[in-house]
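Report on the structure given below.
Bear in mind that the values in this text are calculations on the coordinates, not laboratory data. Treat the numbers as computed from the prediction; the structure is a model and nothing was measured. A quick note on method: Cβ atoms are made from the backbone with ideal geometry, for glycine too, and the neighbour counts reach across all protein chains shown.
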Amino acid sequence: MKSLKIFVSVLFFFLAASSINAQVIVKVKPVKPRVAVVTTVSAHPGHVWINGHWKYSVGRYVWVDGYYVKKRPGRVWVSGHWQSVPGGWKWVPGRWK
């Protein structure tokens, strides 16, 4: 009985972990990004601006505001974007390169 509980727990963990990386394919073309005026007055030295973007949520697009993050030495921020895929569109998150 104890080994069955362990097996079920491990199975649940792997199923939950695999769903985290699942891609959502959206059939409706993404909206063009908003034009945002970014002022450097509030930026701290050593920070970089992460652009806002449209997120698909509950059947519609919602705007996610941009924000500043601390720079990573020797790395460059690559912005996220919507990519056309068979059957619709998917969001490719931004990342440090």
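Counted by Cβ distance under 12 Å from Trp82, the other residues give a net charge of +4, where Lys and Arg count +1 and Asp and Glu count -1. If R0 is taken as 35 Å, the Cβ-Cβ distance between Val24 and His47 corresponds to a FRET efficiency of 0.70.
Take peptides 48-56, 71-79 and line them up by average Cβ neighbours within 10 Å, highest first, as a rough protection proxy.
48-56, 71-79
Could you list, in their original order, any pairs among Lys32/Lys71; Lys32/Lys97; Lys71/Lys97; Lys70/Lys97; Lys70/Lys90 whose Cα atoms are separated by more than 19 Å? Check vs 19 Å cut-off fails for Lys32/Lys71; Lys32/Lys97; Lys70/Lys90.
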